[in-house]
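Beneath this line is the structure, given in structure tokens, with notes to follow.
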Amino acid sequence: MQSIRFLAEKARNASTHLALLSSDAKNELLQAIAKKLEENIPAILQENAKDIAAAHKKNLAEGLIDRLQLDQKRMEGIISDLKKVAQLKDYVGDVLESRELSNELFIKRIRVPIGVVGMIYEARPNVTVDASALCLKSGNAVILKGGSDALRSNQILVKLIREGLQESSFLTPESGLSESVQFIDSTDRSATLELLKLHDLVDVIIPRGSKSLIDFVRENSTVPVIETGASVVHTYIHEDADI
């Protein structure tokens, strides 16, 4: 396995080229990825079946296995969502504010990409595609660290995403655009810790999953963290219920 720093360096280099792409170019990248995924659904499901078999052997809860499982319908939904991201408005380059100072200095606030996003998540392989699509659309490179239970599914999804990038007409040898999506395939927690310390290469970390995962990331990261919720669950009790 390549070192986490090496992966981050490749993502950083790719991000400088990705940030300069036009909206049309980024949308073409996403469409190329969607096409590649569509062409390889059977292969994706084959690898996912291996993850499901391993999950049953580990006696994982049925709810966890359901989140892990892919089928034809779910893959079609993932690909549909990817195409919808391509249709979204591109906010990069929008002028948020502009003003002229008394000394005739003209100042603008403009939306620009963040750079390199670290995405840490658990057993939902759809996040691999969702995170890649949203980061590419916004001009950001991404380093993905998925859960060990979805390792085979994530590996083939990232392989196909990168093949889609490589086949785009916008790929040039010097741009390294195919390196915009990196995947950490180590299941060791030390790999996550290493990613959390790369403040010189990674601009933001986004954890998505359980409260324990989010707490771990927040407590150990030297990279800024966008903290998501661990879910919002309400219990509604009917007035006639016997408490």
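The values are calculated or read from the model by the stated rules, or taken from the named source; none is laboratory data. Because the structure is a prediction, the values reported are computed rather than measured. A quick note on method: Cβ atoms are made from the backbone with ideal geometry, for glycine too, and the neighbour counts reach across all protein chains shown. These area figures cover heavy atoms from the full protein model, side chains too; ligands, DNA and RNA do not enter into them. Shrake-Rupley method; radii C 1.70, N 1.55, O 1.52, S 1.80 Å.
Can you confirm whether the range 65-77 contains a residue that is in contact with a strand residue (DSSP E or B) (Cβ under 9 Å, 6 or more places away or on another chain) and loosely packed, with under 10 Cβ neighbours inside 10 Å?
Filtering the range 65-77 down to residues in contact with a strand residue (DSSP E or B) (Cβ under 9 Å, 6 or more places away or on another chain) leaves none.
Taking every residue of the range 65-77 in turn, none turns out to be in contact with a strand residue (DSSP E or B) (Cβ under 9 Å, 6 or more places away or on another chain) and loosely packed, with under 10 Cβ neighbours inside 10 Å.
Can I143 be described as outside any helix (DSSP H, G or I) and either hydrophobic (A, V, I, L, M, F, W, C) or open to solvent by less than 20 Å² (accessible area, probe 1.4 Å) (or both)? Give the derivation first.
Details: outside any helix (DSSP H, G or I): yes; either hydrophobic (A, V, I, L, M, F, W, C) or open to solvent by less than 20 Å² (accessible area, probe 1.4 Å) (or both): yes.
It is true that I143 is outside any helix (DSSP H, G or I) and either hydrophobic (A, V, I, L, M, F, W, C) or open to solvent by less than 20 Å² (accessible area, probe 1.4 Å) (or both).
List the pairs whose first member sits in the range 197-214 and is in contact (Cβ under 8 Å) with a residue 12 or more places away in the chain and in a loop (DSSP other than H, G, I, E, B), whose second member is among the aliphatic types (A, V, I, L, M) and open to solvent by 80 Å² or more (accessible area, probe 1.4 Å), and whose Cβ atoms are under 6 Å apart, counting only residues at least 6 apart or on separate chains?
From residues that are in contact (Cβ under 8 Å) with a residue 12 or more places away in the chain and in a loop (DSSP other than H, G, I, E, B), the pairs are D203/I114.
Report whether or not L101 is without any contact (Cβ under 8 Å) to a residue 60 or more places away in the chain and at negative phi. Outline the logic, then answer.
Numbers: without any contact (Cβ under 8 Å) to a residue 60 or more places away in the chain: yes; at negative phi: yes.
Judged against the criteria, L101 is a match.
Test each condition in (1) part of a helix (DSSP H, G or I); (2) small (G, A, S); (3) under 22 Å from E28 (Cβ atoms) for A49 and report the one that comes out false.
Unmet for A49, out of (1) part of a helix (DSSP H, G or I); (2) small (G, A, S); (3) under 22 Å from E28 (Cβ atoms): (3).
Out of the residues in the range 189-237 that are surrounded by 12 or more Cβ atoms within 10 Å (Cβ to Cβ) and polar (S, T, N, Q), state the one that is farthest from A19 (Cα to Cα).
Restricting to residues being surrounded by 12 or more Cβ atoms within 10 Å (Cβ to Cβ) and polar (S, T, N, Q), the top hit is S210.
Provide a single number: the residues in the range 98-140 that are open to solvent by 70 Å² or more (accessible area, probe 1.4 Å) and outside any loop (DSSP other than H, G, I, E, B). Steps first, please.
At the first step, the residues of the range 98-140 found to be open to solvent by 70 Å² or more (accessible area, probe 1.4 Å) are 99-100, 102-106, 108-112, 114, 122, 124, 134.
Now narrow it down to the ones that are outside any loop (DSSP other than H, G, I, E, B): 99-100, 106, 108-110, 134.
Number of matching residues: 7.
Report, by residue number, each residue of the range 29-57 that is free of Cβ contacts under 8 Å to residues at least 12 places away in the same chain and surrounded by fewer than 14 Cβ atoms within 10 Å (Cβ to Cβ). Quick ask: steps written out before the conclusion?
At the first step, the residues of the range 29-57 found to be free of Cβ contacts under 8 Å to residues at least 12 places away in the same chain are 39, 42, 46, 49, 53, 56-57.
Once the filter is applied, which keeps residues that are free of Cβ contacts under 8 Å to residues at least 12 places away in the same chain and surrounded by fewer than 14 Cβ atoms within 10 Å (Cβ to Cβ), the range 29-57 yields E39, P42, Q46, A53, H56, K57.
Taking the options S186, S148, S178, S168, name whichever one is open to solvent by 50 Å² or more (accessible area, probe 1.4 Å) and among the polar types (S, T, N, Q).
Just a single option satisfies the conditions, and that option is S148.
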